[in-house]
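Some notes on the structure that comes next.
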Amino acid sequence: MRTQFTASKSAPAKVGAVVIPVAASGSLPSGLGVTRDQLAAIGFEGKCCQTLTLPATEKGTVRVLVGLGEVRDLQPNVLRNVAAAAARACSRYESVSTTLATVGRGDTKTNAQAVVEGFALALHRWAELKNDKGSLPKLTKVNLLTGDKGAAVKNGMERGIATSEAVCIARDFANTPPSHLTARQFADHAVAIAKANGVKATVYNRDQLQEMGCGGIIGVNQGSVEPPRMVKLEYKPTGARGKVVLVGKGVMYDSGGISLKPSDPSHASMKMDMSGAAAVLATMSALRDLKVKTHVIAFLMCTDNLPSGSAMKLGDVLTMRNKKTVEIHNTDAEGRLILADGLSLGTELKPDAMLDIATLTGACMGALGKKMAGVFSNNPGVLEQVKQASGRTDELVWELPLFHDYRNMLDSNVADMRNIGGPLAGATTAALFLHEFVGSTPWAHLDIAGPMDADADAGWLNRGATAYGTRLLIDFVANFKKPAARRK
Ligand code: BES
Ligand code: ZN
Ligand code: ZN
């Protein structure tokens, strides 16, 4: 059940609780009936994301205080987490009402969007396969009190509903077990989602991919009884400004293939190896609602990576869509093979920018941990726009080098390149591999292997699939400006 949001000037007649923002300093909201000293004595100082539930007064409603910290620090990214903390503290009530959208330092529209995202993302659960739904949050109705800022709150609320719905879509897909979500099923869902959101969808099957020369996705799929799918999505608003291509890694399940992964917990998370494709699909689903003016074309590259008698072997050579040949040295480095075809197809469309997003390397996770994605780029203008989008959405990225000196680590005796480098700089050699398929297209590559899932609930992140990159991609295309031409 998704959270439903409404906005109104005055409080609705009956709600389960009111969420009352309390700053760390200054006067308390009127009518609380307690003093700062009394609150401090029971451990509530208004620190950022602290919560305290006060019992209902006679004829009153339960009050949940949520700490804002110092209001001067209350940027939208902080407010999103404050709202998430409030949501977690209120999960037992069916409905709440709050003035949170009117208290932050950002503009009201951005604040309201952040508040909606905080509530919706903290309350999201994927419980399709749970018989006992008793432990799920009961909170499904959130009313934003607008004061005299009705129009701005409503506008931000609508945007927050669109972005958080997209994130929930992507999380649901990534949380779904691999046998419940094959490439074919994912493609069917993509078509339905596209149709409902003004996006054109074209699905390519195995024979068509073969015909198109997409040797990467065909090679990776070879060991699976499930056929591959590539889904091309196109959002073209009238009067579009700029053209962006998005490519998502959609490995429905990554066993490693013949280079089988060990049976450790990380292997069980490989149902999420399609998180990039899920983020891209989710992004496409939100563009019409957000009135995005950029022309966006997406490729979801979907297949399993499994071992069998027909699987791709070490030493095999694949010919990719752009005719480059690749010698396979490790079948577990499969993401780059399917992205190669997607990036080649994207490059053929001559976009103003191209982004790919992929759970690509354990090396990136080793370098940056689970709280940020790696970003590589061949274009400072695109990179800067990715960083700006990252800053606004709190989906952190850190730049890693596309260091061309390491290109020789990919040299092959028999083909144009191998699919893995040496033991060092694994995230960079993966990015250098992808770079072979983008030509001179302004491009950035997001490696989300680390933040694709979270171990625990924290702020707007929930345990399980995070849909990392979804809001970043939406923000990127929504604010996209053609990067300046590169100097020769
Ligand atoms: N899907 C994995 C990367 C991954 C690892 C994602 C952990 C999320 C969490 C990818 O296909 C992979 O297996 N990469 C290999 C590449 C290596 C064989 C060069 C890796 O990172 O070990
Ligand atoms: Zn792999
Ligand atoms: Zn993988």
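The values are calculated or read from the model by the stated rules, or taken from the named source; none is laboratory data. Remember, it's a predicted structure, so these values are computed and weren't measured experimentally. Please note: Cβ atoms are built from the backbone with ideal geometry, for glycine as well, and neighbour counts cover all protein chains shown. With ligands, DNA and RNA removed, areas are computed over all heavy atoms of the protein, side chains included. Shrake-Rupley method; radii C 1.70, N 1.55, O 1.52, S 1.80 Å.
Sort through 319, 347 and tell me the only one that's farther than 20 Å from residue 233 by Cβ, more than 15 Å from ligand 1 (Cβ to nearest atom), open to solvent by 10 Å² or more (accessible area, probe 1.4 Å) and over 17 Å from the mean Cα position of the chain (by Cα). Quick ask: steps written out before the conclusion?
Numbers: 347 fails: farther than 20 Å from residue 233 by Cβ.
Matching residue, one of 319, 347: 319.
So is residue 270 hydrophobic (A, V, I, L, M, F, W, C) and near ligand 1 (Cβ under 10 Å from one of its atoms) or not? So that I can check it myself, show each step before the final result.
Values: hydrophobic (A, V, I, L, M, F, W, C): yes; near ligand 1 (Cβ under 10 Å from one of its atoms): yes.
Yes, satisfied.
Taking region 246-265, which residues are open to solvent by 10 Å² or more (accessible area, probe 1.4 Å) and either within 21 Å of residue 301 (Cα to Cα) or in contact (Cβ under 8 Å) with a residue 12 or more places away in the chain (or both)? Give the derivation first.
Going residue by residue through region 246-265, those that are open to solvent by 10 Å² or more (accessible area, probe 1.4 Å) are 253, 258-265.
Scanning region 246-265 gives 253, 258, 259, 260, 261.
Can you pull out the residues in region 352-389 that are among the aliphatic types (A, V, I, L, M) and within 16 Å of ligand 3 (Cβ to nearest atom)?
Our first condition is that a residue be among the aliphatic types (A, V, I, L, M); within region 352-389, this holds for 353-355, 357-358, 360, 363, 365, 367-368, 372-373, 375, 382-383, 386, 389.
Within region 352-389, 357, 358, 360, 363, 365, 373 qualify.
Have a look at 284, 274 and point out the one that is under 15 Å from residue 229 (Cα atoms) and in contact (Cβ under 8 Å) with a residue 40 or more places away in the chain. If you could, list the steps in order and put the result at the bottom.
Values: 284 fails: under 15 Å from residue 229 (Cα atoms).
274 is the lone residue from the list that is under 15 Å from residue 229 (Cα atoms) and in contact (Cβ under 8 Å) with a residue 40 or more places away in the chain.
What's the number of the only condition in (1) in contact with a strand residue (DSSP E or B) (Cβ under 7 Å, 6 or more places away or on another chain); (2) among the β-branched types (Val, Ile, Thr); (3) surrounded by fewer than 18 Cβ atoms within 10 Å (Cβ to Cβ) that residue 64 fails to meet?
With respect to (1) in contact with a strand residue (DSSP E or B) (Cβ under 7 Å, 6 or more places away or on another chain); (2) among the β-branched types (Val, Ile, Thr); (3) surrounded by fewer than 18 Cβ atoms within 10 Å (Cβ to Cβ), residue 64 is out only on (3).
Among the candidates 284, 274, 270, which residue alone is open to solvent by less than 10 Å² (accessible area, probe 1.4 Å) and under 23 Å from residue 219 (Cβ atoms)?
274
Scan (1) buried (at least 21 other Cβ atoms within 10 Å of the Cβ); (2) within 15 Å of ligand 1 (Cβ to nearest atom); (3) farther than 23 Å from residue 412 by Cβ for the single condition residue 361 breaks and write down its number.
So the condition that residue 361 fails would be (3).
Please work out if residue 399 is among the acidic types (Asp, Glu), open to solvent by less than 20 Å² (accessible area, probe 1.4 Å) and either in contact with a Ser or Thr (Cβ under 7 Å, 6 or more places away or on another chain) or in contact (Cβ under 8 Å) with a residue 12 or more places away in the chain (or both).
no
Could you go through region 170-177 and let me know if any residue there is in contact with a strand residue (DSSP E or B) (Cβ under 7 Å, 6 or more places away or on another chain), open to solvent by 20 Å² or more (accessible area, probe 1.4 Å) and under 28 Å from residue 267 (Cα atoms). Let's see the steps before the verdict.
Residues of region 170-177 that are in contact with a strand residue (DSSP E or B) (Cβ under 7 Å, 6 or more places away or on another chain), as a first pass: 171, 174-175.
After this cut, where a residue has to be open to solvent by 20 Å² or more (accessible area, probe 1.4 Å) as well, the list is 175.
From the residues that got through so far, the ones that are under 28 Å from residue 267 (Cα atoms) too are 175.
Looking for residues that are in contact with a strand residue (DSSP E or B) (Cβ under 7 Å, 6 or more places away or on another chain), open to solvent by 20 Å² or more (accessible area, probe 1.4 Å) and under 28 Å from residue 267 (Cα atoms), one finds at least one in region 170-177, hence yes.
Residue 381 versus (1) surrounded by fewer than 23 Cβ atoms within 10 Å (Cβ to Cβ); (2) under 27 Å from residue 329 (Cα atoms): which is the lone unmet condition?
That leaves (2) as the condition not met.
From the residues in region 295-316 that are away from ligand 1 (no atom under 16 Å from the Cβ) and out of contact with any Leu (no Cβ under 8 Å at 6 or more places or on another chain), which one is most open to solvent (accessible area, probe 1.4 Å)?
309
Report yes if some residue within region 145-156 is within 30 Å of residue 75 (Cβ to Cβ), under 16 Å from the mean Cα position of the chain (by Cα) and outside the structural domain of residue 252 (by TED's automatic domain parsing); otherwise report no.
no
Can you find even one residue in region 326-346 that is away from ligand 2 (no atom under 16 Å from the Cβ) and among the β-branched types (Val, Ile, Thr)?
no
Could you tell me which numbered condition residue 119 fails, if it satisfies all but one of (1) in a helix (DSSP H, G or I); (2) among the aromatic types (Phe, Trp, Tyr); (3) open to solvent by 40 Å² or more (accessible area, probe 1.4 Å)?
(3)
From the set of residues in region 404-448 that are among the β-branched types (Val, Ile, Thr) and within 16 Å of ligand 2 (Cβ to nearest atom), which is surrounded by the fewest Cβ atoms within 10 Å (Cβ to Cβ)?
Taking region 404-448 and keeping what is among the β-branched types (Val, Ile, Thr), we get 414, 420, 428-429, 438, 441, 448.
Narrowing the set further to residues that are within 16 Å of ligand 2 (Cβ to nearest atom) leaves 420, 429, 448.
Working: 420: 21, 429: 24, 448: 29.
For region 404-448, the residue satisfying everything is 420.
Would you check which residues across region 132-142 are surrounded by 20 or more Cβ atoms within 10 Å (Cβ to Cβ) and either assigned to a helix (DSSP H, G or I) or touching a strand residue (DSSP E or B) at 6+ places or on another chain (Cβ under 6 Å) (or both) and list them? So that I can check it myself, show each step before the final result.
Initially, region 132-142 is screened for residues surrounded by 20 or more Cβ atoms within 10 Å (Cβ to Cβ), giving 139, 142.
Listed by number, the list holds a single entry, 142.
Report, by residue number, each residue of region 334-344 that is within 11 Å of ligand 1 (Cβ to nearest atom) and either aromatic (Phe, Trp, Tyr) or open to solvent by less than 10 Å² (accessible area, probe 1.4 Å) (or both). Steps first, please.
Pass one, region 334-344, residues within 11 Å of ligand 1 (Cβ to nearest atom): 334-339.
Hits for region 334-344 are 334, 335, 337, 338, 339.
Keeping to region 363-396, report how many residues are touching a Gly at 6+ places or on another chain (Cβ under 7 Å) and closer than 23 Å to residue 342 by Cβ.
So the count comes out to 5.
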